[in-house]
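**Q** Dropping a structure here in structure tokens format, bear with me for questions.
The values are calculated or read from the model by the stated rules, or taken from the named source; none is laboratory data. Predicted model, so just to flag it, every value in this text is computed and none were measured. Here the Cβ positions follow ideal geometry from the backbone for every residue, glycine too, while neighbour counts run over all protein chains shown.
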């Protein structure tokens, strides 16, 4: 029992330390055609797009998802590597 508890605590601690919070916001009907907005960078965010364009696109039949890339804007991560693999992982996370 003690060994199982130790393993459980280690796993939970590892997940918490390595967890990543990716900021995303959706506009419109999830049944509409999806559109994922990727902001420019480095260090930028999707605030301007959300304030000016996202809602208008959703009103024209798109399900719009904007997000701030890992380590940028409202998705802080001091250990971000800014690789294609990280970007693909984050997009898949949002997609799921």
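**Q** Of all residues in region 52-86, which are surrounded by 14 or more Cβ atoms within 10 Å (Cβ to Cβ) and free of Cβ contacts under 8 Å to residues at least 24 places away in the same chain?
**A** 53, 71, 80, 86 - these are the residues of region 52-86 that are surrounded by 14 or more Cβ atoms within 10 Å (Cβ to Cβ) and free of Cβ contacts under 8 Å to residues at least 24 places away in the same chain.
**Q** Please return the ranges of strands (runs of 3 or more DSSP E) entirely within the chain where 1 or more residues are at pLDDT 95 or above and out of contact with any strand residue (DSSP E or B) (no Cβ under 8 Å at 6 or more places or on another chain). Give the derivation first.
**A** Working: elements: 24-27, 33-38, 62-67.
Per the criteria, no element qualifies.
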